[in-house]
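Note sheet for the following structure.
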Amino acid sequence: MRDQINSLIRDSGVARAAEELAGLLRPAVAVAEDEQESVTADRSAFGPAAGLPTGLDWPTWRGEPLPLLADLRPAELQPFDGAGELPRDGRLLFFFQASALEDYPPEPGSWRVIHCPDGPRGSDGEIPAAGSPAPRNLRFAHRLTLPPLESAAVEALALDEDESDAYSDLLESVDELYAAEGAHQLLGHPWQLQGDLQQECLADTGRGSAPDDWRLLLQLAESKDMVWGDGGMLYFFVREQSFREADFSDVHLVMQSG
């Protein structure tokens, strides 16, 4: 696929920046719902398909359990993590209370990301389900991503108006290569709907010295019982240094809608 994308770049209206854009390609993991009817507790899933490990308390916000959006198992992700950036084992849990979007930006504490061991679990029958999507297992695929037009990486290319239009067309062509996999994505460059997400993370938090100190961890498109605004996308971002240290206490959440 890399050769195909590089060919698209060379044939586009931004061919003069082909070498730079090839260097900006970032691997990501496409996340899609498995179509099987039964849900397996020991596999990655949207929703609370399994209880938390023994000894880990369910996180709360304003006294209520946070909905569990995604329970990802790094061992399943390894074949698709082209750069080997994710933890190698355990579970990566993404929590968020969508009602917090009613007063945007959502209040810190309304989301949590936890990396925990994949040890013995508490009772699967005692899982707080309110607000969580219905459990369904996931499948994964490798994909390559280019940075959005509104980003520091593309701004550095100093594209003129015609080249900017050509780059937008190029992004659409690359997206079409992966259309069958949908828009849920782990790592890589984000599928941005409105403005510079990295700049928004920097402005919201005051943490980091530049927009590219922040990187995408997970993006979730609207899907069945996961709804963010009007045709929105939910993004979990983390600072590069924190990510390298597997510190997920530093995650920031952003929502954009089209």
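The values are calculated or read from the model by the stated rules, or taken from the named source; none is laboratory data. Computed from a prediction, not measured in an experiment: that's the story for all the values here. Cβ coordinates were reconstructed from backbone atoms using ideal geometry, including for glycine residues, and neighbour counts include every protein chain displayed. Accessible surface areas use protein heavy atoms only, side chains included; no ligands, DNA or RNA. Shrake-Rupley method; radii C 1.70, N 1.55, O 1.52, S 1.80 Å.
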**Request:** Go through region 232-244 and give me each residue that's in contact with a Ser or Thr (Cβ under 8 Å, 6 or more places away or on another chain) and either open to solvent by 50 Å² or more (accessible area, probe 1.4 Å) or closer than 16 Å to Q185 by Cα (or both).
**Result:** G232, M233
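Could you tell me whether any residue of region 180-198 is among the charged types (D, E, K, R), part of a helix (DSSP H, G or I) and within 30 Å of W61 (Cα to Cα)?
So in region 180-198, the residues among the charged types (D, E, K, R) come out as 181, 196.
Now narrow it down to the ones that are part of a helix (DSSP H, G or I): 181.
With the extra rule that they be within 30 Å of W61 (Cα to Cα), the set shrinks to none.
No.
Every residue in region 7-38 that is under 23 Å from E85 (Cα atoms) and of a type outside the set (D, E), please.
L21, A22, G23, L24, L25, R26, P27, A28, V29, A30, V31, A32, listed by residue number.
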**Message:** Yes or no: region 141-155 includes at least one residue that is under 23 Å from P67 (Cα atoms), touching a residue at least 12 places away in the same chain (Cβ under 8 Å) and not in a helix (DSSP H, G or I).
**Reply:** no
**Message:** When you check S99 against the structure, is it modelled with pLDDT of 90 or more, open to solvent by less than 10 Å² (accessible area, probe 1.4 Å), among the polar types (S, T, N, Q) and over 25 Å from Q241 (Cβ atoms), yes or no?
**Reply:** no
**Prompt:** Regarding G208, is this residue surrounded by fewer than 20 Cβ atoms within 10 Å (Cβ to Cβ), assigned to a loop (DSSP other than H, G, I, E, B) and without any contact (Cβ under 8 Å) to a residue 60 or more places away in the chain?
**Reply:** yes
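Results for (1) over 18 Å from the mean Cα position of the chain (by Cα); (2) modelled with pLDDT of 95 or more; (3) open to solvent by less than 30 Å² (accessible area, probe 1.4 Å), shown as yes or no for each residue.
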| position | (1), (2), (3) |
| --- | --- |
| L159 | yes, yes, no |
| L220 | no, yes, yes |
| S223 | no, no, yes |
| M226 | no, no, yes |
| A246 | no, no, no |
